[in-house]
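No lab work stands behind these numbers, since they all come straight from the coordinates. Every value quoted in this text rests on a predicted model; they were computed, and no experiment measured them. In this analysis, Cβ positions are derived from the backbone assuming ideal geometry, glycine residues included, and neighbour counts consider all displayed protein chains.
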Amino acid sequence: MEFSCNILNSLQNKSILITGSTGFLAKIFVEKVLRVQPNVKKLYLLIRATDSNLAKQRLHDEVLGKDLFRVLREKYGEDFESFISNKVTPLPGDVMYANMGVKNSEMLQELLNEITIIVNVAGNTKFDERYDVALDVNTFGSMNVLNFAKNCIKLEMLLHVSTAYVCGEKSGLILEKPIRMGETPNGSLDLDILQEQSIAQNKLKELETLQATKDEERSAMKELGIKRASLYGWRNTYVFTKAMAEMMIWHSRGYLPLVIVRPSVVTSTYKEPFPGWIEGTRHIDTCAVAYGTGKVTCFLGNPNFALDVIPGDMVVNAMIVAMVTHANQSSEHIYHVGSSSKNPCTPNKFADYGYHYFLINPVISKGGKPVIVTKPTMLTSLDSFGRYMRAHYILPLKVSLCAFSIFLSVSLDLL
């Protein structure tokens, strides 16, 4: 996406604080801003670290060292390091604490005096994370960012990245509206966020009294998160704690300029800085990898459903346009960033795209040979899935076991 001159100029001389800066989406954001607007004043990257040296090391290893920054490195050549040194400042800290864990008093004052935009991408994205951890990072960590933002004297915008799935499981058109305090997908009226925090803390005390092991504690806290999310109609701990974060931010923001971006399933880059950059396997990518390596030959899914996926660079483009458009507006704006309404990807399309891609770009096996894929079979019901599994796996396995049994019997007779 080519930005207009107005958008590019709006980023000039801005001091932007980015939380969760070692994460997938934050890295794409950082690269994009540095590439399209080299005259940005400063990017402060909040990094979970105990000191400045460790923060610098994580910045080098987990952000700038990634192939994502290849285009920027080629652009600046030998001057890349000096460019980064002038434009990027790693901050040791953590959103779980007041002032986001920034302990250096001089740096803290610099931030409060200079920051014009805060982009909060920090979050624990594990669907089944421990409830106490997810609350600390996703819910109350976001409140720490908001409270910090209120003290920034030049602040023009707080952009908070949430998820489209805070809306719960709904069909049809889902409006871009805030989640009111205590509002739940199943209509329950007794959600109290501070009480949820107390429930998590009391559970920890109970487990400590019972002298639970670390594994037992981890399992119990994960189970508690799923249980509490399900009670109010959310699918998992991640979306539940992100929804509560939105409630608290909306309720407490006052007149702070605020944009909430709710992306659907974020995948690899579409175009910028180059197509196909991704970090590890994320969500739907695991299906593609399993198919491309020959481990999966069929997919189960409703052919009429939309797989709401959105490339990471498109999400970042939406973030930048939204934060520039609504800067200094003392109101809240919410944007859903997805593909289901304009360009839906169905399971059939996904399978077809995968087949044609791996046909041209086969995965190379450990033995050095290309993995030849066949067109995947699309199964539209559990019954068809059961028949497929019986025909292709269970029956051949039974035949193999029978043959082995006969072979073993004959061998024993010969002895």
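Looking at the range 287-351, which chymotrypsin sites (Phe, Trp or Tyr not before Pro) are DSSP coil and have at most 14 other C-beta atoms within 10 Å of their C-beta?
305
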Exercise. Determine, for the range 200-327, the count of lysine pairs separated by eight or more sequence positions (or lying on different chains) whose alpha-carbon distance falls under 22 Å.
Key: 11
Quiz item: Which value in nm describes the separation of the simple spin-label points at residue 397 and residue 52, placed 7 Å from the Cα toward the beta carbon?
Solution: 5.9 nm
Self-check item: Karplus 3J(HN,Hα) series, Hz, for the range 214-222 with 6.51 cos²θ - 1.76 cosθ + 1.60 (x for Gly, Pro)
Solution: 4, 5, 5, 5, 4, 5, 5, 6, 5
Quiz prompt | Coil-residue GluC sites (Glu not before Pro) of the range 1-75, DSSP, other Cβ within 10 Å capped at 11 | solution = 2
Quiz item: Tell me, what is the percent relative contact order of the range 254-386, built from C-alpha pairs under 8 Å that lie six or more residues apart?
Solution: 37 percent
Quiz prompt | Helix-derived mean residue ellipticity, 222 nm - over the chain, DSSP H n ≥ 4, -39500 (n - 2.57), to 500 | solution = -13500 deg cm²/dmol
Practice problem: Give me the distance in nm between label points sitting 7 Å out from Cα along the Cα-to-Cβ direction at residue 352 and residue 387, one decimal. | Solution: 2.3 nm
Self-check item: 0 to 90° range, to nearest 10: angle between helix 24-36 axis and the chain longest Cα axis
Solution: 50 degrees
Quiz item: What ³J(HN,Hα) values, in whole Hz, does the Karplus curve 6.51 cos²θ - 1.76 cosθ + 1.60 give for the range 361-376 when θ = phi - 60°, with x put for Gly and Pro?
Solution: 10, x, 6, 8, 6, 4, x, x, 9, x, 8, 8, 9, 9, 4, x
Self-check item: Antiparallel bridges, percent of DSSP beta bridges restricted to the chain (to nearest 5)
Solution: 5 percent
Quiz item: Once you put a point 7 Å from the Cα of residue 98 and another 7 Å from the Cα of residue 75, both along the Cβ direction, what distance in nm separates them?
Solution: 4.0 nm
Self-check item: Rounded to whole Hz, the Karplus (6.51, -1.76, 1.60) HN-Hα couplings of the range 198-213, x for glycine and proline
Solution: 5, 4, 5, 5, 5, 5, 4, 5, 4, 5, 5, 4, 7, 6, 5, 6
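Using the reciprocal of the averaged 1/r over all distinct C-alpha pairs, how large is the Kirkwood radius of the chain in Å?
Values: mean 1/r = 0.0417 Å⁻¹.
Its Kirkwood hydrodynamic radius stands at 24.0 Å.
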Quiz item: In degrees from 0 to 90, rounded to the nearest 10, what is the angle of the helix 347-360 Cα long axis to the longest principal axis of the chain?
Solution: 80 degrees
Practice problem: Only loop residues by DSSP count here, and only those with at most 14 other Cβ atoms within 10 Å; note down the chymotrypsin sites (Phe, Trp or Tyr not before Pro) in the range 43-104 that meet that. | Solution: 97
Practice problem: Quick one: compute the contact order of the chain, relative version, from alpha carbon pairs under 8 angstrom and 6+ residues apart, as a percent. | Solution: 15 percent
Exercise. Take residue 304, project a point 7 Å from its Cα along the Cβ direction, then tell me which residues of the range 373-389 have their backbone nitrogen under 20 Å from it.
Key: 378-385
Practice problem: Using the structure shown, select from 42/349; 375/398; 14/349 the pairs with a Cα to Cα distance greater than 31 angstrom. | Solution: 42/349; 14/349
